[in-house]
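In what follows, a structure is listed as structure tokens, so that the remarks can point back to it.
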Amino acid sequence: MSWQTFILHVFTYGILLYSLLLLICYILIGSFSISETRTYLNKNSFTDYRVLASSTEAPSISVLAPAYNEGATIIENVRSLLSLHYNNLEVIIINDGSKDDTLEKLINAYDLFKVDFFVNEQLPTKPVKGVYKSHNPVYRKLIVVDKENGGKADALNVGVNVAQNNYYVCIDVDCVLEQDALLKLAKPFLENTTQRVIAAGGVVRIANSCQIEGGRLVKVNLAKQFLPRVQTLEYIRAFLLSRMAWTRLNGLLLISGAFGAFDRDIVIKCGGYNPNTVGEDMELVVRMRRYMEERNEPYRVSFIPDPLCWTEAPSTFKILGRQRNRWTRGTIETLRIHKKMFFNPRYGLLGMLSYPYWLFFEFLAPIIEFVGTIGLIIYCLTGPVNWSLFMIMLGVLSIGILYSIFAIMMEVLTYNQYRNKKDILRLVLVAVLEPIVFHPFVVWSAIRGNIDLLRKRNSWGEMTRQGFVTEKKAQ
């Protein structure tokens, strides 16, 4: 056997082994997701959230919403936050040195004025320029903080310093929440008595083409454009399957920065958000879990399958590429910072399963897929087609399609946000097209993220918004 043939066999069978391991992971994730979702739905059927909504004993919550150049949607989003059904609540908007009219729009819309406000700087941040409250008692829950630009992590740290309540919910200001979102998200903190819940998250859905009125979601529509539509499927798959499965194992490493609740005391003890990473949401959750593991304190990171938050997804390849590039760099930075946990039994499930999974199947997956695709192209151009490698790649493609269709089925059987049968068929069509049209671009964006990290390019990347569909726009 020549060395070229030996390398080809190692390459082919290596990809085959990786694909089989990935298939096993998909099967396990699907099984755990079904079990956890069924348990949650059965238990939740007896919950009366009206009791929690009016209770003075409900956990006190501060909503933190960093805003940078969000003038297009800021008024609708703040209106949405102020209309949430929750008794013990404050809403803190952190204007992170916006260069547009974000602050001016807030001042005019909510009759704001600057107040003397003591900021307990438990976490180091960029300077705060001013704190604003409203003359109008209707907006008594609203606090607007104006600060020098320091990035999202720095803005959230300012919010944690300003917050007065025991728990806080971080949210992207371009998101719209369901009216009972906080009620459902507060529930895990109340019902776990043997373990301290340090963080909790809910499902994030795509709001493109949905109708928003007065800061509220009034009509759910499947996105009309292809990119937001395929991201709709992607979010269903990630939240309803993957995160529910990891919740079952208490091995979840990520609560989405778009919408998540945290124990403020633990966050402060851990040092708050890391401004030196672009994946501050994942890095904080991993650091909080590591903090609890090292002190041998029983804890839990919870996740619920309710669709609680709706966000505007990128609708152009340019903006989508920046987002996925940043997600990749954030994942790598987090894994690198906490590399001590890799197969370290001291950290239990976190070190022996969660961390290795993210390393092998989140960080390495796009690299292996990219190398495999390039290898197949080279073999096709330089000699006879390697049918073994081709069949492996085709099998991986088929597994991905079946996994997506399974996610659609889970959506239909649970919350079924898209009631039109044609929308379900459109999602199935997207599942077929995704591996051919969308996924290669995501893989390439991840490769570029790896390259940018090696070249020490740590920029966030500008994310422009088109704004939501209001009733006037819809007409």
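Worth pointing out:
- Residues in the stretch 40-57 carry Karplus couplings, in order, of 5, 5, 5, 5, 6, 5, 9, 8, 10, 6, 5, 5, 5, 4, 9, 7, 7, 8 Hz; the curve used is 6.51 cos²θ - 1.76 cosθ + 1.60 with θ = phi - 60°, and Gly or Pro positions show x.
- Degrees, to the nearest 10: 226-235 long Cα axis against longest axis of the chain: 90 degrees
- With Cα atoms, 0 to 90° folded angle of helix 280-294 axis to the chain main axis: 90 degrees
- Our estimate of slack between R50 and N192, defined as 0.36 nm per intervening residue step minus the Cα-Cα distance, is 49.1 nm.
- Average Cα contact separation per residue, the stretch 303-390, under 8 Å, 6 or more apart, as relative contact order %: 14 percent
- Dipole moment magnitude, nearest 20 debye, the chain about Cα centre, only Lys, Arg, Asp, Glu C-beta charged: 540 debye
- Between K269 and N296, residue separation times 0.36 nm minus the direct Cα-Cα distance comes to 8.2 nm.
- Straight-distance crosslink candidates among lysines, where the alpha carbon sits under 19 Å from K187 and sequence neighbours closer than 8 are dropped: K43
- The helix-based estimate of mean residue ellipticity at 222 nm for the chain, built from -39,500 (n - 2.57) per DSSP H run of four or more residues and divided by its residue count, is -15500 deg cm²/dmol to the nearest 500.
- Relative contact order (%) - the stretch 1-134, alpha-carbon pairs under 8 angstrom, separation at least six: 19 percent
- Straight-distance candidates among the aspartates and glutamates for linking to K133, with alpha-carbon spacing under 15 Å and chain neighbours fewer than 8 residues away dropped: E90, E104, D111, D116, D146.
- Distant-in-sequence amide H partners of S209 (H built 1.01 Å from N, under 5 Å): V469
- Cut-off under 5 Å, modelled amide H: who pairs with V63 long-range: E90, V91, I92, V169
- In Hz, Karplus ³J(HN,Hα) per residue of the stretch 446-456 (6.51, -1.76, 1.60; θ = phi - 60°; x = Gly, Pro): 5, 4, 5, x, 4, 5, 4, 5, 5, 8, 6
- Helix 152-162 and the longest principal axis of the Cα set of the chain meet at an angle near 30°.
- Karplus-based coupling profile of the stretch 264-279, in residue order and whole Hz: 4, 4, 5, 4, 5, 5, 7, x, x, 6, 8, x, 8, 10, 8, x, with θ = phi - 60° in 6.51 cos²θ - 1.76 cosθ + 1.60 and x standing for Gly or Pro.
- When you count the other C-beta atoms within 10 angstrom of each residue and take the mean per peptide, 411-420, 54-63 line up highest first as 54-63, 411-420.
Taken together, the values in this text are just the output of simple stated rules run on the coordinates, not laboratory data. Bear in mind the structure is a predicted one, so any value in this text is a computation, not a measurement. No Cβ is skipped: glycine too gets one built from the backbone with ideal geometry, and neighbour counts run over all protein chains shown.
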